[in-house]
Amino acid sequence: MNLLRRHPIALGLLVLLIVSGLQPLPPLLDAVTGTVPAGADLVRPTTYTMLAPLSNVLDALTFLSLARARAFLAVWVIALGAWGALRRGSLGRRLGRAVIGPLAIVLLGVGAVLLPRPVPALVTSDSSVTVLDYHAHTAASHDGRPGWQLADLAAWHAAQGFEASYVTDHNVVFNQTIDEPIRLLPGVEWSVFGQHIVAIGAVAPIDRSVYNRDTRSMLRLFAELHRQGALGLASLPEYWVSHWSDLDDFVAAGVDGFEIVNCAPKAIGFPQPQRARVLQLAAQHDLLVVGASDNHGWGKVTCVWNLSSPSAHGYRANHVIARPIALAQGEWEPWTAAYTQPWLMLRGLSWSERSSWITWILVILIYRAVPRRAGDSAGIGILARSLELFKLRRPPSPPAQGGKTSP
Ligand SMILES: [Zn+2]
C-alpha cells in the first residue's frame, strides 16, 4: 500500500483499470442496430494481449478523428511539457523532462501509423457470409503510402480477418482479380464535384470532366456505372460535408448505397444522428449500407468490417461491424479527446487485456521498489536489481582487505 502511495500514477491507473471494467464496452458493435453482433468476435493474438498496454494505446491513437487527434496532441504535449518543466531538479533535468513527455506522445503517434505489430482479427462463425472491405487504396493513389502494393494491402486485410477487399484507388481503375492471400476485387474511387463515388465491380475508365461540372452532372455517374455493370456507393466524409442536402437526389439518381462508417481520420467522426438519417433513407429505398477501412497503407488496424451475404440484396445484404471507440468519435467534442479517448480505450479492454495492463504496472512498480545500494551501477537494469536481492539474503561477509565497506 505504501508502495502505491509513493507512486500515484500507477495507483491512479490501477483504479481506472478496475473502474472502467465496471462500464465495459463490447469489442464489436453492429453499426446499424447498435447491438453486439451475434456470430462475430474480435480475436486478439497472444502477443497482442501480452503487449496490451502498447497494443491498446496504438489502436486508440489510430481511431482518433482528425479534429480529436489535433486536440489530443495539443493537450498532452502541453500538459506533459509543463509537468516535466515544473518538477524539482536542476534546470537541465527539467528541460530534459519537459521535452521527453511530448516526444513520447509524438513517437506513439508515429508508432500507431508505422510500427509492425500483432493486430486483432474479426472471426465469424457464419460460413455463409464473406468478411469484406468495400474501399481500400494502394500506392497507385496520390495519397497512398509509397510502396504500398497489392500484396501489402492483401496481407493487411488477411491479418484482420478479411476474406476479400475491393481495391478502390483514387481515379485509377483496378480491374484484375487476385485470389491470394485474400481475394482483391475490381473497383475505383471517382472524385467528381466534391463527392467521392466508390465504384465496385467491373469498372472502366471515364472522362471525369463530364461529371465534374455541378451536382446534377455528378449524379449522372451512377447511371454510367450501372451501364458498366458496376455499383456506385457514396463515400464519407464527402456526402456528409459537401452534399448533405442532396441525399434524396443521390437516391433518385440511382446511388446503390452509402458508407456509414469510414476509418479515415476525416470521416471517422461521422455523428450518430447523421448515420441514423442515412440508415432511414437506405432502409426506405432498400439500399446497401457499408463500412470502409479506407486504408491507404498508414495504420495497422481497421475500425470496421462487413459481413456480406451473397444471398441477400440491398439493405439486408450487408452487416457493418465496427469497433465501439470508432463509432464514439462523432459523439464527443474534439476538445475532450485527451481524456475521452483513454477512457473509451480502457472501457473497451477485455479482461485478459486488463490483466496484462495490471501485470505490467505491478512488474514496473516492484522493479522500482527494490532499493538501490550505494556503489551499484545503475546501468544493468533489472539484472542488477535481482543480483542485489540475492546479495541482501546472504549473511554479511567481513570486509575484504583493501576493499570498500558498505555503509
Ligand atoms: Zn478512399
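FYI, it's all coordinate maths here, none of it is from the lab. These figures come from a predicted structure and were not determined experimentally. Cβ coordinates were reconstructed from backbone atoms using ideal geometry, including for glycine residues, and neighbour counts include every protein chain displayed.
DSSP bridge analysis restricted to the range 121-330 gives an antiparallel fraction near 60%, rounded to the nearest 5. Multiplying the residue separation of Ala369 and His170 by 0.36 nm and removing their Cα-Cα distance gives an extension gain of 66.1 nm.
Where in the chain are the DSSP H helices whose alpha-carbon span along the long axis reaches 24 Å or more and whose Kyte-Doolittle mean is at least -0.5?
The answer, listed by residue number, is 66-86, 91-114, 351-369.
When the charge dipole of the chain is built from unit charges on Cβ atoms (+1 for Lys and Arg, -1 for Asp and Glu) and taken about the Cα centre, the candidate among Val261, His135, Leu115 whose Cα reaches farthest toward its positive end is Leu115. Ordering Asp249, Asp169, Asp133 by the number of other Cβ atoms within 10 Å of each residue's own Cβ, fewest first, gives Asp249, Asp169, Asp133.
For the chain, the antiparallel share of DSSP beta bridges with both residues in that region comes to about 65%.
What is the local net charge at Val131, summed over the other residues whose Cβ is closer than 13 Å to its Cβ (Lys, Arg +1; Asp, Glu -1)?
Details: positive: Arg183; negative: Asp41, Asp126, Asp133, Glu163.
Combined, the nearby Lys, Arg, Asp and Glu give -3.
The modelled label-to-label distance between Arg88 and Asn2, using points 7 Å beyond Cα along the C-beta direction, is 1.9 nm.
Using alpha-carbon positions, what is the distance between the centroids of the range 210-271 and the range 7-30, in Å? Answer, in whole Å: 39. With springs only between Cα atoms under 10 Å apart, run a GNM on the chain and tell me which of Trp343, Trp240, Trp83 wobbles the most. Comparing Trp343, Trp240, Trp83 in the GNM, the peak value goes to Trp83. Whole-Hz Karplus values for the range 237-254 come out as x, 5, 5, 6, 7, 10, 10, 4, 7, 9, 4, 5, 5, 4, 5, 4, 7, x Hz, taken residue by residue from phi with 6.51 cos²θ - 1.76 cosθ + 1.60 and θ = phi - 60°; glycine and proline positions read x. Placing +1 on the Cβ of every Lys and Arg and -1 on the Cβ of every Asp and Glu, with no other charges, gives the chain a dipole of roughly 3200 debye about its Cα centre. One Cα centroid belongs to the range 69-140, the other to the range 331-358; the line between them spans 13 Å. Put in line by how crowded their Cβ is, counting other Cβ atoms within 10 Å and starting with the fewest, Arg5, Arg145 read Arg5, Arg145. Whole-Hz Karplus ³J(HN,Hα) for the range 189-195, in order, using 6.51 cos²θ - 1.76 cosθ + 1.60 and θ = phi - 60°, x for Gly and Pro? Here the 3J(HN,Hα) series is 10, 7, 9, 9, 6, x, 10 Hz.
I want the local charge near Ile9. Using Cβ-Cβ distances under 13 Å, sum +1 for each Lys or Arg and -1 for each Asp or Glu among the other residues. Summing Lys/Arg as +1 and Asp/Glu as -1 gives +4.
Looking at the range 121-330, I'd like the Rg to Rh ratio, where Rg is from alpha-carbon atoms and Rh is Kirkwood's inverse mean 1/r.
Working: Rg = 15.7 Å, Rh = 16.9 Å.
Result: Rg/Rh = 0.93.
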